[in-house]
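One structure below.
The values are calculated or read from the model by the stated rules, or taken from the named source; none is laboratory data. Because the structure is predicted, anything quoted here is derived from the model rather than measured. Here Cβ is always computed from backbone atoms with ideal geometry, including for glycine, and neighbour counts include all displayed protein chains. Note: accessible area is taken over every heavy atom of the protein model, side chains too, but ligands, DNA and RNA are not part of it. Shrake-Rupley method; radii C 1.70, N 1.55, O 1.52, S 1.80 Å.
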Amino acid sequence: MYETLSTEFLKLRRSKLLIYALIAGILPSIVKFLQFILGNTDKVDGWQWFLASRQEIMVFGVLITVILSSSFIFNMEYQYGTASYIYTSRVPKIQIFLAKLLTIFAVVVLIFAVTLASELLFGVIAIKTAIPGALLLKLIKVTVWYMLSYGFLSTIVILISVLTKRFVLTSVIVFGYMMLVFPFHLKNNIYISPFMTPTAVAARIFGSNNYILVSYFKDVSVNTTAAAVFIIALTAISLALGLIVYHKSDALL
């Protein structure tokens, strides 16, 4: 298992995916920093504004990166035309599947770890005061929640990836679905678009009515436990089906 996992990380390192993950983690904080020092923001409660309001760039940037990363990692062999090599090796397919899954989790953790560090760094530079302890605790809770929830939800992308065996098609299906159901998500149905569900919980943790899209979750009733159960159930179904399909897959498109 160690050698298989090392191989996946080596292939990941040779791609530009890690660079994109770092950019996705850092860029939103830079934008917030510029908005703070150049805009007419509420600087009385600077940390609350910096971390718990107008997080559209962070949410959508990280979401796009997680989806594309998950799709690429499970489709890279077809993308590079090397699928025949891994499927004819002696390594069990289930082991390859788990190695890829762990690689995706590592990328998700990296993205949000970088996001956390950059938010704290640029927040201190902009606001020039230490973050309040209570808000820091909320930020840590939100970061851990995002790591777990998006790590779990990546299994949905994995399932579509092993079914289509195509990076572009997988991305089109996922983003197309999100665009189609977004109007219904705007009508306070936080479950119809699973990849947006973690954002509602994050807004609830911060106690923010301005976390994304200006009062987006203001009147939404968010049950954190129900959201967690919903994500875990989707993960279990997607993971089980993904394993079955991947085990039966071959090198042919």
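Below are the figures for this structure:
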item: Selected residue [without any contact (Cβ under 8 Å) to a residue 24 or more places away in the chain, more than 17 Å from the chain's Cα centre (by Cα) and open to solvent by 30 Å² or more (accessible area, probe 1.4 Å)] from LEU136, LEU98, LEU148; result: LEU136
item: Positions within the stretch 151-190 being closer than 23 Å to VAL229 by Cβ, hydrophobic (A, V, I, L, M, F, W, C) and surrounded by 15 or more Cβ atoms within 10 Å (Cβ to Cβ), in sequence order; result: PHE152, LEU153, ILE156, VAL157, ILE158, LEU159, ILE160, VAL174, MET178, VAL181, ILE190
item: Selected residue [within 20 Å of the chain's Cα centre (by Cα) and at pLDDT 85 or above] from LEU213, LEU169, LEU163, LEU241; result: LEU169
item: Pairs with Cβ under 6 Å, 6+ apart, first in the stretch 116-129 and under 17 Å from THR143 (Cβ atoms), second polar (S, T, N, Q) and assigned to a helix (DSSP H, G or I); result: LEU116/THR143; SER118/SER29; GLU119/SER29; PHE122/SER29
item: Pair list, Cβ < 8 Å and 6+ apart or interchain, from the stretch 35-51 residues that are at pLDDT 60 or above and in a helix (DSSP H, G or I) to residues that are open to solvent by less than 30 Å² (accessible area, probe 1.4 Å) and of a type in the set (D, E, K, R); result: PHE50/LYS32; PHE50/GLU119; LEU51/GLU119
